[in-house]
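Notes follow the structure.
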Amino acid sequence: MSLKERLLARERPTATYPCRVAPVEETQDAETALAAARKAALAVKADDKTAARKAKKLLDDATARRNACYESIRLRALPPADFEALGDTYPEADEKDSEEVRRQRDEEYLHGVFLASVEGDLTEAEWTEFVQQHLSTGERNDLYNLAIAVNGRVRALDPSVPKGLTGTRR
């Protein structure tokens, strides 16, 4: 495959938000069990193969139990032109607008970026209900910040890029 073909076939960046869906107590129990399994795995002597297998099984089971407490919400960056056009549909507040109007406009824009970026089988109305009714303010802010980040307003280097692959210029 040529460089051109590889570059043009590249997918836009994605980001994943781990959203807790299990009850808090169940999630805490799963986290506690995972911590205990990790501690037990570290205590296994290197030459004890039977204990190592048991510890690995315990760790795998605890990890699966903890992971079952979360659902991944996947966000995909919009094409740059689409992202800019989306911003144009949400005019910024005027200097004379009240703080409440400014906050409302910011919220509408962030929610619009989220809706345009989120992947999944929920409708826009269902995503809106989920965000408004089932997330805390902090969770909603984290999700909106991730939507902005994946679209490039504050994008850092993709954490999946292997260490040492990018050079620094002096």
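The values are calculated or read from the model by the stated rules, or taken from the named source; none is laboratory data. Keep in mind that what you see is a predicted model, and the values were worked out from it rather than measured. Every residue, glycine among them, receives a Cβ derived from its backbone with ideal geometry; neighbour counts consider all protein chains shown. Only protein heavy atoms, including side chains, enter the accessible area calculation; ligands, DNA and RNA are left aside. Shrake-Rupley method; radii C 1.70, N 1.55, O 1.52, S 1.80 Å.
Of all residues assigned to region 25-34, at least one qualifies as being at pLDDT 95 or above and exposed (fewer than 12 other Cβ atoms within 10 Å of the Cβ).
Results for (1) surrounded by 12 or more Cβ atoms within 10 Å (Cβ to Cβ); (2) more than 30 Å from Ala22 (Cβ to Cβ); (3) of a type in the set (Val, Ile, Thr); (4) modelled with pLDDT under 95, shown as yes or no for each residue.
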residue: Asn67; (1), (2), (3), (4): yes, no, no, no
residue: Leu75; (1), (2), (3), (4): yes, no, no, no
residue: Thr123; (1), (2), (3), (4): no, no, yes, no
residue: Asn141; (1), (2), (3), (4): yes, no, no, no
residue: Gly164; (1), (2), (3), (4): no, yes, no, yes
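Does Arg20 meet the test of being surrounded by fewer than 14 Cβ atoms within 10 Å (Cβ to Cβ), among the basic types (Lys, Arg) and modelled with pLDDT of 95 or more? Yes. So for region 38-48 (the condition being surrounded by fewer than 13 Cβ atoms within 10 Å (Cβ to Cβ) and within 26 Å of Leu143 (Cβ to Cβ)), does at least one residue qualify? No, region 38-48 has no match at all. If the condition is being among the β-branched types (Val, Ile, Thr) and farther than 26 Å from Ala51 by Cα, then region 16-37 contributes Thr16, Val21, Val24, Thr27. Of all residues in region 36-75, those satisfying the criterion of being among the small types (Gly, Ala, Ser) and more than 30 Å from Phe130 (Cα to Cα) are Ala36, Ala37, Ala40, Ala41, Ala43, Ala46, Ala51, Ala52, Ala55. Only one of the numbered conditions (1) out of contact with any Asp or Glu (no Cβ under 8 Å at 6 or more places or on another chain); (2) modelled with pLDDT of 95 or more; (3) not β-branched (Val, Ile, Thr) is violated by Asp88, and that is (2). Each residue in region 1-30 was checked for being closer than 18 Å to Asp60 by Cβ and in contact with a helix residue (DSSP H, G or I) (Cβ under 6 Å, 6 or more places away or on another chain), and 1 of them qualify. Tallying residues that are assigned to a loop (DSSP other than H, G, I, E, B), of a type in the set (A, V, I, L, M, F, W, C) and free of Cβ contacts under 8 Å to residues at least 12 places away in the same chain within region 21-58 yields 2.
Just one residue in the set Glu92, Glu129, Glu108, Glu100 is open to solvent by 80 Å² or more (accessible area, probe 1.4 Å), over 21 Å from Thr27 (Cβ atoms) and part of a loop (DSSP other than H, G, I, E, B); that residue is Glu92. Remark: pairs (first residue in region 1-18, closer than 24 Å to Ala149 by Cα and assigned to a loop (DSSP other than H, G, I, E, B); second residue open to solvent by 80 Å² or more (accessible area, probe 1.4 Å) and of a type in the set (Lys, Arg); Cβ separation under 8 Å; 6+ apart in sequence or on different chains) = Pro13/Arg155.
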